[in-house]
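Written out below as structure tokens is the structure these notes cover.
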Amino acid sequence: MNCALLTVAIRYEHDVVLTRQRARQVAALAGFDRHDQVRIATAVSEIARNAFRYAKGATAAFSLVPGPPTLLEVRMHDQGPGIPNLKQVLDGQYKSSTGLGLGILGAKRLMDEFEIESSPAGTTVVCGKYLPKRASSPDPSLIAAQLASQAPHDPFEEIQRQNQELLATLDQVQRQKSELSQLNRELEDTNRGVVALYAELDERADYLRRASDLKSQFLSNMTHEFRTPLNSITSLSRLLLDRTDGDLTAEQEKQVRFIQKAVNGLSDLVDDLLDLAKVEAGKLSIRPTEFMVQDLFGALRGMLRPLLAHNSAVTLVFEDPGELGTIHTDESKVSQILRNLISNALKFTERGEVKVGATEVTPGWVEFVVTDTGIGIESADHDRIFQEFIQVEGEHQKGKRGTGLGLPLSRKLAELLGGTLAVDSKRGCGSKFVLDLPRVYTGPAEAQGWEEVIPELDPERLPVLFIEDNAETQFIYGKFLQGTRFQSVPARSLQQARWHLNRIRPVAVVLDVLLGQGNSWDFLTELKRNDSTREIPVLVITVVENQRKALALGADAFHAKPVTRDWLLSELERINPSREDEVLVVDDDEAARYVLGNVLRHSSTRVIEAASGAEALALARQRRPEAVFLDLMMPGMSGFEVLDALQADPVTRNIPVIIHTAKPLTQQDRTRLRGRVLTVLQKTRSDRESSSRMAKEALAEARRVTSSRKQEQRM
């Protein structure tokens, strides 16, 4: 049952200000903080202002609705003409010169509950805000008595208070702007963390083994390379739907679309699965590189920042390693160990801090220490936590369970790097994990090599160098270029890429910045600084969303994986334009343009497309194509009107026109077209091979006509 607190009658304009004052007083007595008081007062003021302006008055009743949680409810009722466009107002679609609707929408956003009923007999608005959990249960009778004893302030005082609130809000916006600037400065750390993470994910594809039993097979499937086959399946399904290798039956297309839909759904789950897939199956290879501890900490700071967003009571501190210098070991595996330790510390620390540091306690050895103020671990469980699939049971585990593989895998990685991983912890006193590693890794490292064999190049096609270490992706790129004037030159490492660049000059380089070895960002910089390669266009295609950095380093285009065939070909055509054998396809149906364009591209023809008559006329005048394939049935300007305009313009009147339409031609249509077009092709789905042959024959005839006209002009 509602507990009434106060009723305010709104008859005059100053009553609107009075209602705002009373709303703030009620909110303060109910236990709301200053910001919520301003929100409630502003929302009530807006509703009151609307009621006075459009209904000439109203009553505002304040009450408490028992919970949990308890709700402060405001009921505003008027006897005005109602709101005729209420649904449009609530949807934000109603436009009014008087501002009707803006106040309602603004009030709705500020409150937790909001209902409105309107009819010609009047309008009732019921809105409310839940009391904060920290507030004690208010006494309605005490609040009502206090309100009765508090006289309303002068309206000018209320205006002054509003101005103060506005100044406070502006000050808060300025602080948020400063915080945003700080966040932008931290993006470099975040980017390097993402790059390091995905480099590690791609590395896992080389380590799959243990196929002897069901357990090993399951663990092998849960590797960090999960994303790459998903991208491959997505791209391959697109190839099938694009009919790159032939047409599909309706049933086959339905099945491929089911596959594509399933893969898209699975892609959304990959991020969660990667957190669980902690096991590396197969032989682990060490790839030592030289790196700075400061850079490693910067990458980890950016990588782990999202975990802190869920618990503002925990602070992650990276201590300055000082003059520690460089370390020569496998950076990705050191990063993986520390990431597991820090993630666990953040997971089981409800408040306080997680601290990460590095020092050289013993000459030649670096000690990484991760300490936290969390729940701690019983001494009896110190050895158990490093056993696979073992998790310590307890109340603290609720809602925080993992795979039980992070710590066992971290210790195994530490041992492979020639070091140790130990824990020092007591229940209720936090934990301290110590990773000791030799400054210089001296164990066996993976040997890298490849057979220097340049692919056989077609002198009639343009070479494109694809720098990509994933075999499936290289296969897809090769399929993308089938039937085009471009040919693929694959390179699975930067070493191979440099070898190719010393022997051929590609018309473009397609670069993945996340290769198993080498810094591809540095390679991009190297390409653009070298006099012999700086003019070669570079397209960056990768899983890391960092378009700004790619373009800043000199890339000509950027696309996140997976990439489509249409995008790749359009970019290659853009940077390697060809004005020979160019054909204009004019059709408002995108699918029809694609099907016909695909047929013509297999005839070594550059296809440009227009979706309307106006666009077709502009392209024809600008590009002067070899021929125009024209649909007759188009909205706006019909194909007949396009034909008339083409032949009325001296620039385009000699371009051969081929009608490609699904419209059954009448005798009048045939008469109108006679002598003005080369031929008429009917769109058909029943015989694709015959349709393709007829389109190619029509194009060949158009070329003969164009060639004859050029010879006549020369004579």
**Item:** Scan of the range 38-51 for residues that are without any contact (Cβ under 8 Å) to a residue 60 or more places away in the chain and buried (at least 21 other Cβ atoms within 10 Å of the Cβ), ordered by number
**Value:** Ala41, Ser45, Ala48, Asn50
**Asked** If you go through the range 613-636 one residue at a time, do you hit one that is of a type in the set (S, T, N, Q) and either under 16 Å from Asp589 (Cβ atoms) or at pLDDT below 80 (or both)?
**Response** no
**Prompt:** On the given criteria, is Glu526 in a helix (DSSP H, G or I), touching a residue at least 12 places away in the same chain (Cβ under 8 Å) and surrounded by fewer than 17 Cβ atoms within 10 Å (Cβ to Cβ)?
**Reply:** no
**Asked** Out of (1) assigned to a helix (DSSP H, G or I); (2) modelled with pLDDT of 90 or more, the odd one out for Val38 is which?
**Response** (2)
**Asked** Within the range 371-383, is there a residue that is assigned by TED's automatic domain parsing to the domain that holds Ala345, part of a helix (DSSP H, G or I), among the hydroxyl-bearing types (Ser, Thr, Tyr) and at pLDDT 60 or above?
**Response** yes
**Message:** Tell me whether the range 512-523 contains one or more residues that are at pLDDT 90 or above, aliphatic (A, V, I, L, M) and either crowded, with 20+ Cβ neighbours inside 10 Å or not in a loop (DSSP other than H, G, I, E, B) (or both).
**Reply:** no
**Complete:** Taking the range 642-661 and keeping residues crowded, with 18+ Cβ neighbours inside 10 Å and in a loop (DSSP other than H, G, I, E, B) leaves Thr652, Ile655, Pro656
**Asked** Got at least one residue in the range 75-82 being surrounded by 15 or more Cβ atoms within 10 Å (Cβ to Cβ) and either closer than 20 Å to Pro140 by Cβ or in contact with a Cys (Cβ under 8 Å, 6 or more places away or on another chain) (or both)?
**Response** yes
**Residue list for the range 621-641, restricted to those being in a loop (DSSP other than H, G, I, E, B) and not small (Gly, Ala, Ser)** = Arg624, Pro625, Glu626, Asp631, Leu632, Met633, Met634, Pro635, Met637
**Request:** Mind listing whichever residues of the range 107-152 are surrounded by fewer than 14 Cβ atoms within 10 Å (Cβ to Cβ) and among the small types (Gly, Ala, Ser)?
**Result:** Ser119, Ala121, Ser136, Ser137, Ser141, Ala145, Ala148, Ser149, Ala151
**Asked** Within the range 559-583, can you find the residues that are assigned to a strand (DSSP E or B), over 23 Å from Ala618 (Cβ atoms) and at pLDDT below 90?
**Response** Ala560
**Message:** Exactly one condition in (1) within 29 Å of Ser332 (Cα to Cα); (2) under 29 Å from the mean Cα position of the chain (by Cα); (3) touching a residue at least 24 places away in the same chain (Cβ under 8 Å) is false for Ala497; which is it?
**Reply:** (2)
**Request:** Give me a count of the residues in the range 409-434 that are of a type in the set (A, V, I, L, M, F, W, C) and touching a Ser or Thr at 6+ places or on another chain (Cβ under 7 Å).
**Result:** 4
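The values are calculated or read from the model by the stated rules, or taken from the named source; none is laboratory data. Since the structure is predicted, the reported quantities are computational estimates derived from the model, not experimental observations. All Cβ positions, glycine included, derive from the backbone under ideal geometry; neighbour counts span all protein chains shown.
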